[in-house]
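FYI, it's all coordinate maths here, none of it is from the lab. As the structure is a computational prediction, the values presented were derived from the model and not from experiment. Counting neighbours? That spans all protein chains shown, and the Cβs are built from the backbone with ideal geometry, glycine included.
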Amino acid sequence: MIVFKRLYLCLLFSVGIGVSPVQALTIEINGGQEGALPIAIVPFGFAGTGPSLINVAGIIAADLRLSGHFSPLPEKDIIAQPHAAADVHFEDWRLLGTENLVVGLVQPSGPGGYTVQFELFDVFKGIRLTGLSFTVDPNKNLRRVAHQIADIIYERLTGERGAFNTRVAYVVAGPHRGRYNNSYVLQVSDADGYSPQTILTSKDPILSPAWSPDGTRLAYVSFENRRPSVYVQDLRTSQREVVASYPGTNSAPAWSPDGRRLAVSLSRDGNPEIYILDLGSRSTQRLTNNVAIDTEPSWSPDGSSLVFTSDRGGSPQIYRMPSSGGREERITFEGTYNSRAQFSPDGRRLVLVHGNGSTNHIAILELGGGGLREITHTNLDESPSFSPNGTMVIYASEEGGKGVVRVVSMDGRTPQRLGLQENDVREPTWGPLNKKIEE
Amino acid sequence: MLRKLLDNVRAVALAVAVHLALLAMLTVNLDWSPKLQQEIGTPEVVEAVIVSEAKVQSEMKRLQKVDDDRAARLRREEQQIEEMRQARETEEKRLEDTQRRKEEEDRARRLAAEERRHAEEEKSRITEETRHATEERRQLEEETRRLREAEEQRAVETRRRTEEEKARLAEERRQIEETRHQVEEERTRITEEKRIRAEEVKRKIVEERKLAEERQKVEEEKDRLSEEKRVRVEEAKRKIVEERKLAEERKKVEEEKDRLTEEKRKTEVDARKKAILEETKRKAVEEKRKVDEEMRKKTEVDEKRKVEEEVKRKTEEKRLTEEKKKTEVEARKKAEAEEAKRKVAEDKRKADDESRKKSEEETKRKAEEKRLAEINARKKTEGEEAKRKASEEKRKASEEARHRADAENELKEQLDRETKGRTDAAAQGEQARQDQGVIDRYRAIIQDKVDRSWLRPVGIERNVACDVYVKLMPGGDVVNVTVKHCTSGDAAYARSVEAAVYKASPLPLPPDPRLADKFVREEINFKFKPRER
């Protein structure tokens, strides 16, 4: 009754006042807080007998955390264990403040095979964003499927492609205490450092592995023939060939974006200069010509220009020139040492080793202006390489006298050590994107 | 094949020898077998003798049946036969002897031949062996020669390799030397560089100091900004308090007015009362005059006393009435004074209550703000656990804020009710002004809530603005969020803006449905734009 009375009163008032001159409701939001997106990844259910083969949810969580964009809820804080949309109570997850939720299930299918399914939800809107089911052959890598799921989640929530289902190449240095016959081992593993495969072992040093743009071949420098020579090896057939073994040094191979040419540093005509080597005709074209050392070339993604390291100005700095030859211009001016530059996949920035006298760190150079920005603060950082989606950087550094490999997000927030089992790892380089799975 | 045979002469020879030996043994075997057959042949001869004996017996039987005479002849003949047999036997014996001798001789001869053959074989074997030995020696020599040659070759190779190695080493040394030279140059360059660098570093230090100062300035600016924000918040608070005070004052003025009216009314009543009293008095005097007149008219002297008495009585009565009236007025006046006093006390109590409530709220809010600030600070420094806790606390805080808002609303509602209930004559402009005040206040509350629930994605350019339209349910629940336009196409950013509004749901609304309706009736337009760093 009181309510009615009040309503009646209100009505009277509204009639009395009419539409009052209240301006349109506009609210400005100027604050907010920058932070990683909270997400809950519930441990996947396993419908088979015995324990689950791998912790799919754990792999997804580790991948997403590695990107620096996500903050997965710790497993101990996960309050419910739904495995499908029907079991999800959004209210529970809203209380925890997680914006997104992932649930999934692993089921045996066929002899030795599996079906892995997952679903991604928007907790506050209370809707399902995406979901997919994978069939995994018995001989296939179940970890790969977890990486693929992480890629899909990453892309759905950030709008950028994920780069978790990719590979990295690196060199392991001995002694190996009987694990390998030779001191130097060239390996390829998943981007998170698991499932390593040996590509080559040698008693002489192996350097500068470089992925072909299609991910089927590796170029590298090996000292096995007394002088450093450039080899190209097919990863599927293990067939390899020497592509540059001129007198002097043959080093720092870099693939052109079309995969048909290599930019290399050769000292056959005196001191190290940048050459372009055509892999089909084996002809070489000299690009630089001066008394200083020119090395470590890298192609812009459109193939139109190259950056390289040169000490012509007294200290190692990065220079840029058209890949067809022409004017060379210096592009780094900060610090006493800048080397090993590599283009980002969008061509807008470079990652490089930056030194300021005492120690070296990894830095990002914005090519459109904006200067140099250090993203690592570990010890003796070197050999940086962009993830193929341009959001992370893999690099080598030193810890306790041993080479370790780390991954850092572009804002330098989450440097994480890669879970490689090997002791002394160097020269990491991130491979290209794999074929995308359509949702 | 042939080469292999040549290489293994010894083995081949041995194989040949074994074969020969086997052949020889076979041959000897073949030689012996006929001899065995000869020995078997002798009993055959004896058998032939037995067969002829049977014939003789059958013949003798037949002869006995025909003629006994012939017995003598036969006996003779028998004798003859016996003799012949003996002679034959002898002969046979002789023959046998001869045969045996001959055989003996034969065997001896054969043995001799065999032996000779053996000897010959032995000889050939020996010859063969000698040949073998020679061959072997030759091979050995060949091998030795070859080995020596190989050795020599190897030595030559090694020497060559050593030389090459030496050359390589020299080359390497040269390269190393070159490298060292380069390094040396590099070092001098580096030294030079270092010197320049040192200066640069000095410069940099100065710059850094400058930068630090700038940073400090920025920090100070930030502090200033936060101070400003605090001041602003304080201001807002103060404004609300002032508003409330104003309303209070307004109320007081109103009350004062009421009081004055009442007083006026009272004064009027008093005046009327006084007038009535005077009228009564006047009437009484008139009556007295009339009575006096009557008395004067009707009675004489004796009556005069009576009249006088009557007058006396009446005067007495009047006095009493007057006295009574006076007492009544006095009592009323006293009561009125008491009422006024009570009213003042009541007002004071109310005011006290008000200020107490206000101060309580103030303290609460201050504590709340302090706690929130602490939470924010802690949130920044602590990890995920803290974040979780913080979000939990945030939730609590927002709930508390809601409670607080509710309490405020109740107060406001009361005020509104009072305003409403007071008089219809209240100015419409005044009402609109108050409405706007409430709406502004709730706008600030909503802004604060959405602001706190907005989590911007990391590593994204800050100067992105988004225009968002939000539809609410009557209770303040967010039912639809439309991100109309963002200045950058970043999906994560758009998502964060959308999520911020959903996370803030339900949005706090004024308790007055009339005012809440203004938030529900139309879409609310949120303009997201982070402040520049």
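Under a crude label model (7 Å from the Cα following the beta-carbon direction), how far is A:Ser304 from B:Ile190 in nanometres?
In this crude label model, A:Ser304 to B:Ile190 measures out at 3.8 nm.
Lys/Arg Cβ at +1, Asp/Glu Cβ at -1, dipole of chain A taken about the Cα centre: which of A:Phe223, A:Pro196, A:Val106 is farthest positive-ward?
Toward the positive end, the furthest listed residue is A:Phe223.
Label points 7 Å out from Cα along the Cβ direction at B:Thr144 and A:Arg327: separation in nm?
8.3
Considering only B:Leu147, B:Ala108, B:Gln182, whose Cα is most displaced toward the positive end of the charge dipole of segment B:105-213, charges sitting on Cβ of Lys, Arg (+1) and Asp, Glu (-1)?
B:Gln182
Excluding A:Pro209 itself, what net charge comes from residues whose Cβ is under 12 Å from its Cβ, given Lys and Arg +1 and Asp and Glu -1?
Around A:Pro209, the surrounding residues sum to +2.
If you rank A:Ile318, A:Ile362, A:Ile276 by fewest surrounding Cβ atoms within 10 Å, what's the result?
A:Ile276, A:Ile318, A:Ile362
Between B:Gln436 and B:Lys257, what length comes free when the chain is fully extended (0.36 nm per residue of separation minus the Cα-Cα distance, one decimal in nm)?
In short, 61.8 nm is gained.
Taking H as built 1.01 Å from N, whose amide H comes closer than 5 Å to the amide H of A:Thr130, not counting residues under 5 places away?
Counting only residues 5 or more places away or on other chains, the set is A:Leu120.
Towards the positive end of the charge dipole of chain A, with charges on Cβ (+1 Lys, Arg; -1 Asp, Glu), say which of A:Phe343, A:Gln233, A:His89 has the farthest Cα.
Sorting the options by dipole projection puts first A:Gln233.
With bins 10 Å wide starting at 0, give me the P(r) of segment B:55-100 over every alpha carbon pair, in whole percents.
So the P(r) values, bin by bin, are 27, 36, 23, 12, 2.
Suppose every K and R has +1 on its Cβ and every D and E has -1 on its Cβ; what is the size of the dipole of segment A:37-158 about the Cα centre, in Debye to the nearest 20?
220
How high is the FRET efficiency between A:Leu95 and A:Thr216 when r is their beta carbon distance and R₀ equals 51 Å, given to the nearest 0.05?
Here the calculated transfer efficiency is 0.55.
With the convex hull built on the Cα atoms of segment A:167-430, state its orientation-averaged projected area in nm².
So the mean shadow area of the Cα hull is 13.5 nm².
Stretched out fully, how many nm does the piece from B:Gln64 to B:Gln153 gain, at 0.36 nm a residue minus the Cα gap?
So the extension gain works out to 20.9 nm.
Amide H neighbours of A:Ala244 under 5 Å, at least 5 residues apart or on other chains, H built in the peptide plane: list them.
HN-HN under 5 Å from A:Ala244: A:Val230.
Note down the magnitude of the dipole of the protein assembly as shown about its Cα centre, charges +1 on Lys and Arg C-beta and -1 on Asp and Glu C-beta and zero elsewhere, to the nearest 20 debye.
5100
Restricting to DSSP loop positions (anything but H, G, I, E, B) with no more than 12 other Cβ atoms inside 10 Å of their own Cβ, which chymotrypsin sites (Phe, Trp or Tyr not before Pro) remain in segment A:333-439?
Filter output for segment A:333-439: A:Phe333.
What Kirkwood Rh does the protein assembly as shown have if only Cα atoms enter the pairwise 1/r average? Answer in Å.
Answer for the protein assembly as shown: a Kirkwood hydrodynamic radius of 41.3 Å.
To the nearest 20 Debye, how big is the dipole of segment B:112-186 about its Cα centre, given +1 on the beta carbon of each Lys and Arg and -1 on that of each Asp and Glu?
Computed about the Cα centre, the dipole is about 300 debye.
Take chain A, connect every pair of alpha-carbon atoms lying under 10 Å apart with a spring to form a Gaussian network, then pick out the residue of A:Asp92, A:Asp381, A:Asp424 with the largest mean-square fluctuation.
Sorting by GNM fluctuation, first place goes to A:Asp92.
Tell me the label-point distance for the pair B:Glu268, B:Leu169, using the 7 Å Cα-to-Cβ offset, in nm and rounded to one decimal.
It works out to 13.2 nm between the two label points.
What FRET efficiency would be calculated for the residue pair B:His485, B:Ile276, taking the C-beta separation as r and a Förster radius of 56 Å, to the nearest 0.05?
Here the calculated transfer efficiency is 0.10.
Working out 0.36 nm times the residue gap between A:Glu28 and A:Arg236, then minus their Cα-Cα distance, what length gain in nm do you get to one decimal?
69.1 nm
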